[in-house]
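I have placed the structure first, in the form of structure tokens, so that the comments after it can refer back to it.
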Amino acid sequence: MASTTRTAPTVGFDLDMTLIDSRPGIRACYLALTERTGTHVDADLAVTRLGPPLEEELAHWFPAEEIAATADLYREMYPTYAVTATPALPGAREAIEAVRAGGGRAIVVTAKYEPNAKLHLAHLGIEPDAVIGGLWAEQKAVALREHGADVYVGDHLGDVRGARTAGAHAVAVASGPYSAGELRAAGADVVLADLTEFPRWLAGYREGDADGPAAARA
């Protein structure tokens, strides 16, 4: 009987609310943006719907003709206000290390502006093999396919769609805005409470159990 062992999978990870809790930093940046532009942004509301591209959030607060320039301003301000205020989520470093321990590659595929994504990871000492920014939902499949990702891990319904579009195993973590039930209903192959459960799941996946240990599933 042929072995189903996956010795060295390439695993993609989302960034915001998967590897990092970006809410404090993004909130601080939106507050600073309000002060800088004179246009009110409800920062507390904005951080409850992280995931989609920045321009989609700005469209709630700024006229269409101002969005592009405001997005540029936000991204320019972001390193000052958001990077040091943003912690890693529990299990983030260990998840990357678990992929590498099996000889695999860990990549980050995110909708965030790539230079700022790299600043977060460098600040936190998280070192993936590649970082690809500016991709959202189904667009993430472009990078996942290019890098031959077997698995994509994310917290958002858009991440599930990206994984499925790429033909990658969709692993969802309920550390973001969606419940385990909502993530399952969106088509996630497996749902974990957070990344602290990922190394155990990955060990099972590498041995041919696509769902991973039952006890690790949320």
Matching residues in the range 150-169 (more than 11 Å from the chain's Cα centre (by Cα), within 20 Å of Pro128 (Cα to Cα) and outside any helix (DSSP H, G or I)) number 4
(request) Please work out if Glu56 is open to solvent by 20 Å² or more (accessible area, probe 1.4 Å) and more than 20 Å from the chain's Cα centre (by Cα). (result) no
Of the residues in the range 142-193 that are of a type in the set (Asp, Glu), open to solvent by 40 Å² or more (accessible area, probe 1.4 Å) and in contact with a strand residue (DSSP E or B) (Cβ under 7 Å, 6 or more places away or on another chain), the one that is nearest to Asp14 (Cα to Cα) is Asp150
Taking first residues from the range 110-130 that are on the phi > 0 side of the Ramachandran plot and second residues anywhere that are surrounded by fewer than 21 Cβ atoms within 10 Å (Cβ to Cβ), the pairs with Cβ under 8 Å that are 6 or more apart or on different chains are Gly125/Arg93
Exception for Ala95 within (1) closer than 22 Å to Ala203 by Cβ; (2) open to solvent by 10 Å² or more (accessible area, probe 1.4 Å) falls at (2)
Here the residues within the range 29-53 that are of a type outside the set (Ser, Thr, Tyr), under 23 Å from Val108 (Cβ atoms) and open to solvent by 30 Å² or more (accessible area, probe 1.4 Å) are Arg49, Pro52, Pro53
When every residue in the range 27-60 that is in contact (Cβ under 8 Å) with a residue 60 or more places away in the chain and not hydroxyl-bearing (Ser, Thr, Tyr) is compared, the one farthest from Gly134 (Cα to Cα) is Arg49
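The values are calculated or read from the model by the stated rules, or taken from the named source; none is laboratory data. Note that this is a predicted model, so its numbers are computed, not measured. For neighbour counting, all protein chains shown are included, and Cβ atoms are generated from backbone atoms with ideal geometry for every residue, glycine included. Accessible surface areas use protein heavy atoms only, side chains included; no ligands, DNA or RNA. Shrake-Rupley method; radii C 1.70, N 1.55, O 1.52, S 1.80 Å.
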